[in-house]
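Colleague: There's a structure below that I have some questions on.
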Amino acid sequence: MARKTLRSQLRLGCQVAFTALSNGYVQGFFKGKIYNSPTKYACVPGLNCYSCPGALGSCPIGSLQAVIGSRKFHVSLYVLGFLMMVGAILGKAVCGFLCPFGLVQDLLHKIPGVKKLRRLPGETYLQWLRYVMLGLLVILLPMVVVDIVGQGSPWFCKYVCPSGTLLGGIPLLAGNPALRSAVGWLFTWKMAILVVILVLSVFLYRPFCRYLCPLGAVYGFFNRFALYRFTLNEEQCTHCGACHKVCGLDIDPSKTPNHSQCIRCGKCLDACPHEAIVSTMARRKKKGETAF
Amino acid sequence: MKRHLPAVAVFCLGAVLLTLGIVRGEAQTVLQKAVIICMECIGIG
């Protein structure tokens with residue numbers, strides 16, 4: 001129990017600290033302006049809108065669309081390379097530890113007094129939406145649908161991203177009357193998406209990550225071979241189902257310890273009565289496991 | 001070490017791509033987009 005509390009507190013602390021660190025331009029929230037210094041050359045690992053008034057770095061998904069939609073480039077080696085480097089080390093642990101919008105969803109899911117859902121009807125199909133978001137809205141449409149000067153739009157940011165609305169849109173509009181006067185149907189549409197995601201987060205663990213996040217879809221690809229991953233000791237596993245029961249994302253770690261949806265919250269590690277699931281960090285202390 | 005080889009290889013390939021991206025000026029494109037308010041991102045259009 002103590003280990004469980006410590007791990008979840010450490011993760012929460014890490015999420016809060018990284019969110020505060022990567023959104024450290026506090027004056028921006030009061031002035032209704034964004035930070036504009038060379039630190040924004042660099043991407044941050046999580047989904048953190050660069051139009052958030054506090055943002056010190058760039059959102060990788062926004063950057064990917066900006067480069068793909070630009071007149072000069074149609075492929076972004078810079079962002080792809082960055083995602084590969086981060087993914088190779090952490091995989092989808094980024095979502096569990098370093099994503100501000102993941103933190104928001106985590107906090108909402110802690111609200112007690114409501115019946116929590118394990119999954120939505122059609123979950124298997126809904127999960128594929130992440131790849132549609134990535135392939136269609138992040139890559140294809142910004143690349144091929146261009147204006148008269150050859151510039152593409154960031155389709156995912158424009159029509160879907162609730163993180164941009166919450167972290168960028170709402171604080172900027174609150175502090176900037178000129179922007180408020182320009183609000184139209186698009187903002188209403190994005191607010192509707194945000195409200196649906198936030199309300200759903202109270203009942204269902206991380207709905208945006210499960211169904212819509214293109215960044216999570218990219219990092220999920222690295223989960224099987226990232227330096228930080230989980231290993232199941234089949235000799236110790238009794239398939240009691242304890243790990244599956246505690247998993248907020250309804251994954252069965254005894255079958256797929258490195259599932260593409262796993263955000264490495266570590267609840268399964270604590271729940272296992274036989275300590276059959278271990279992370280690569282803890283594995284060095286133990287012997288006899290077989291790697292997946 | 002052998003079981004970490006795929007991750008190390010992907011990391012190194014990523015570093016090469018990142019460097020190539022910087023050399024051909026993509027980081028500048030990212031900065032130019034990131035230092036002005038992205039109207040699409042905040043829902044103005």
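Colleague: Between A:A178 and A:L140, take the C-beta separation as r, use R0 = 45 Å, and let me know the FRET efficiency to the nearest 0.05.
Modeller: Working: r = 34 Å, r/R0 = 0.74.
It comes to 0.85.
Colleague: Let me ask you something else. At 10 °C and 1.306 mPa s, what whole-number value in µm²/s does Stokes-Einstein give for the translational diffusion of segment A:1-118, with Rh from the Kirkwood sum over Cα pairs? Each step should come with its number before you reach the end.
Modeller: Working: Rh = 15.9 Å.
D = 100 µm²/s.
Colleague: Given Cα positions, please report Rg to Rh for segment A:160-243, the hydrodynamic radius being the Kirkwood one. Before the final figure, lay out the partial values.
Modeller: Details: Rg = 19.4 Å, Rh = 16.2 Å.
When Rh is taken as the Kirkwood radius, the ratio is 1.20.
Colleague: Give the calculated FRET efficiency between B:L5 and A:S8 to the nearest 0.05, with a Förster radius of 35 Å applied to their Cβ-Cβ distance.
Modeller: Details: r = 32 Å, r/R0 = 0.93.
It comes out at approximately 0.60.
Colleague: Could you work out how far the C-alpha centroid of segment A:39-106 sits from that of segment A:192-249, in angstrom?
Modeller: Value for the Cα centre distance between the two parts: 19 Å.
Colleague: From other protein chains only, count the Cβ atoms within 10 Å of every residue's Cβ in A:57-69, then give the mean. Please report the intermediate quantities before stating the final value.
Modeller: Details: counts 2, 6, 5, 1, 0, 6, 7, 1, 4, 8, 8, 1, 2.
Whole-number average of other-chain Cβ neighbours for A:57-69 is 4.
Colleague: Hey, another quick one. Quick one: the Cα spread of chain A along its three principal axes, in angstroms, biggest first?
Modeller: The Cα atoms of chain A stretch 62, 43, 37 Å along their principal axes.
Colleague: Per q in 0.08, 0.09, 0.12, 0.13 1/Å, what log10 I(q)/I(0) does a Debye calculation on the alpha-carbon atoms of segment A:147-292 return?
Modeller: For the requested q values the scattering log ratios are -0.36, -0.44, -0.66, -0.72.
Colleague: While we're on this one: What residue among A:N233, A:H274, A:H244 has its Cα farthest toward the positive end of the dipole of segment A:230-283, where the charges are +1 on Lys, Arg and -1 on Asp, Glu, each on the Cβ?
Modeller: Final value for the positive-end residue is A:H244.
Colleague: Shielding of A:178-188 by partners, i.e. mean partner chain Cβ atoms within 10 Å per residue? Display every interim value, and only then the final one.
Modeller: Numbers: counts 0, 5, 1, 0, 5, 4, 3, 2, 6, 4, 1.
Partner-chain Cβ atoms within 10 Å, mean over residues of A:178-188: 3.
Colleague: Still on this model: Of the listed pairs A:K92/A:K158; A:K40/A:K245; A:K115/A:K190; A:K116/B:K33, which have alpha-carbon separations greater than 32 Å here?
Modeller: Working: A:K92/A:K158 24 Å; A:K40/A:K245 41 Å; A:K115/A:K190 27 Å; A:K116/B:K33 40 Å.
In this structure, A:K40/A:K245; A:K116/B:K33 lie more than 32 Å apart at Cα.
Colleague: So, one more: I need the semi-axes of the equivalent ellipsoid of segment B:2-42: take the C-alpha gyration tensor, multiply each eigenvalue by 5, square-root it, list largest first in whole angstrom.
Modeller: Numbers: eigenvalues 194, 39, 5 Å².
Square roots of five times the eigenvalues give 31, 14, 5 Å.
Colleague: From other protein chains only, count the Cβ atoms within 10 Å of every residue's Cβ in B:1-10, then give the mean.
Modeller: 5
We did not get these values from a lab; they are worked out from the coordinates using the rules stated. Remember, it's a predicted structure, so these values are computed and weren't measured experimentally. Note that each Cβ is placed from the backbone with ideal geometry, even for glycine, and that neighbours are counted across all protein chains shown.
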